[in-house]
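Before any comments, here is the structure.
The values are calculated or read from the model by the stated rules, or taken from the named source; none is laboratory data. As the structure is a computational prediction, the values presented were derived from the model and not from experiment. Heads up, the Cβs are rebuilt from the backbone with ideal geometry, glycines too, and the neighbour counts pull from every protein chain shown.
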Amino acid sequence: MSSSAIPEPGEPIIEVRDLKKIFGTQTVLDGLTMDIHRGETLVVMGGSGCGKSTFLRMLIGSFPPSEGTISMLGNRIDQLDEEGMNEIRSNFGILFQSGALFQSMTLAENVALPLEEHTDLDRTIIDIQVKIKLELVGLREHADKLPSQISGGMKKRAGLARALALDPLILFYDEPSAGLDPVTSAEIDQLIVDLTRKLGVTSVVVTHEMDSAFTIADRMVMLDKGRVLRIDTREAFDEIRKIPADETEKLTIDEQLIRQFLRGDSVGPITQRRAETNYADDLLSTAGPSITSSPSVEATRRSK
C-alpha cells in the first residue's frame, strides 16, 4: 500500500455508502452510510440481530455487498480480487471474540505467524517484533505458554498482540469484552484506549457492552434492523442516556429506542415492538409453518 493512499489523521480511512446485505429474502443491512476516520475509535452497537456482526464481516471482506460500496484506504474493496484484498488485509488486524488462537502453538508462535506468512523478515527480527507486541499487551513473560495454560482475558490480549503483528493502520474488534469478568473487561478496555493513543491506529469495535462502549469510544453508531439510527460522538449518546424518564415523550421514536438500549431499561419501544406479535394468536393459528408429522431422522433400527 503506497503512502499516498494513507489519509491524514481525522480524514476518512473507511467510507461506506448505501450498503446493503441481503441473504435470501432477509435484508440484514439496509442502506448504511458512514465515514470512519483515521485515528478514532468507532463503537458499533445494537441489539442481537441488528446486523453489527454482518457489518464487521463486510468491512474485512468476508461478505460482498448486495448493494452499495465500501472503500478502505482509497480502494473499493467490493471491486478487488483476492490478491488485491489480501494487500488491503495487510493493513488491518482483527481481534476475534474468542481470541482464535492456535491451540498447539505458544503465544509467541501465534504472534509470529503473520510475520512468517506475510514478510521476509529474518528470524531474529521476527523474535524481536514478537517480544515488542507481547510487551504491549503485558504478556512478554508468558510467551512460551500455550493458550490452554492462560486465562480468558490473557487469550484476548494474546489475540490482540497477534492482530498488531504487522503494525496495522486499522484494528477490528469483535465483542472484545464478551465472556470476561468486570475487572478483566475494564483492563481490556484500557488496553484498547492505550494502544489507540500510542500507535495512532483506527479502531472499529463491535459490542453491546455499554460500560465498555462509553469507556473506549470517540464516536458511536447505533444499528437497528440493519439501519443506522444515529452516528454521533460519545458525548451526544451520553446526553440521550441521561434524559429523565418524564422527558422521553419529547424524543423521537429512534431516540427513545437508543435511550432504552443505552440504559438497559426493561420498558420502552424495543420491548413494545417485541410484544406486538400476539402470542395467543400465534399459538392457535393454523397459518404459517407447520410441524412435520414424520421424523427428521429415520431410525436405523426397527422394532419387531
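The table below lists the values:
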| read-out | value |
| --- | --- |
| Output for the stretch 52-67, where each listed residue is in a helix (DSSP H, G or I) and either at pLDDT below 90 or farther than 20 Å from VAL201 by Cα (or both) | LYS52, SER53, THR54 |
| Any hit, the stretch 161-172, residues being closer than 27 Å to CYS50 by Cα, free of Cβ contacts under 8 Å to residues at least 60 places away in the same chain and in contact with a helix residue (DSSP H, G or I) (Cβ under 8 Å, 6 or more places away or on another chain) | no |
| Residue match in the stretch 238-248 (condition: free of Cβ contacts under 8 Å to residues at least 12 places away in the same chain and within 14 Å of CYS50 (Cβ to Cβ)) | no |
| Counted residues, the stretch 168-179 - those being surrounded by 21 or more Cβ atoms within 10 Å (Cβ to Cβ) and over 16 Å from GLY93 (Cα atoms) | 1 |
| Restricting the stretch 1-23 to residues that are within 13 Å of GLU40 (Cβ to Cβ) and at pLDDT 95 or above, the residue that is surrounded by the most Cβ atoms within 10 Å (Cβ to Cβ) | ILE13 |
| Residue under evaluation ILE150, criteria (1) hydrophobic (A, V, I, L, M, F, W, C); (2) touching a residue at least 40 places away in the same chain (Cβ under 8 Å); (3) crowded, with 20+ Cβ neighbours inside 10 Å, criterion not met | (3) |
| Candidates LYS133, LYS145 - the one that is touching a helix residue (DSSP H, G or I) at 6+ places or on another chain (Cβ under 8 Å) and crowded, with 16+ Cβ neighbours inside 10 Å | LYS133 |
| In the stretch 180-200, residue surrounded by the most Cβ atoms within 10 Å (Cβ to Cβ) [restricted to those that are touching a Lys or Arg at 6+ places or on another chain (Cβ under 9 Å) and outside any helix (DSSP H, G or I)] | LEU180 |
| Cβ-Cβ under 8 Å pairs, at least 6 apart or on other chains, the stretch 37-52 side within 14 Å of LEU262 (Cβ to Cβ), far side crowded, with 24+ Cβ neighbours inside 10 Å and of a type in the set (Gly, Ala, Ser) | VAL43/ALA217 |
| Criterion (among the small types (Gly, Ala, Ser), within 23 Å of MET72 (Cα to Cα) and modelled with pLDDT of 95 or more) met by exactly one of ALA217, ALA236, ALA163 | ALA217 |
| Any hit, the stretch 94-113, residues being within 24 Å of the chain's Cα centre (by Cα) and over 29 Å from THR41 (Cβ atoms) | yes |
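A quick yes/no check of all residues on (1) modelled with pLDDT under 85; (2) hydrophobic (A, V, I, L, M, F, W, C); (3) in a loop (DSSP other than H, G, I, E, B):
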position	(1), (2), (3)
ALA213	no, yes, no
VAL228	no, yes, no
ILE240	no, yes, no
ILE258	no, yes, no
ILE270	no, yes, no
LEU283	yes, yes, no
THR286	yes, no, yes
VAL297	yes, yes, yes
LYS304	yes, no, yes
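For (1) surrounded by 17 or more Cβ atoms within 10 Å (Cβ to Cβ); (2) assigned to a strand (DSSP E or B); (3) at pLDDT below 90; (4) at positive phi, each residue gets a yes or a no:
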position	(1), (2), (3), (4)
VAL43	yes, yes, no, no
GLY49	no, no, yes, yes
THR69	no, yes, no, no
GLN129	yes, no, no, no
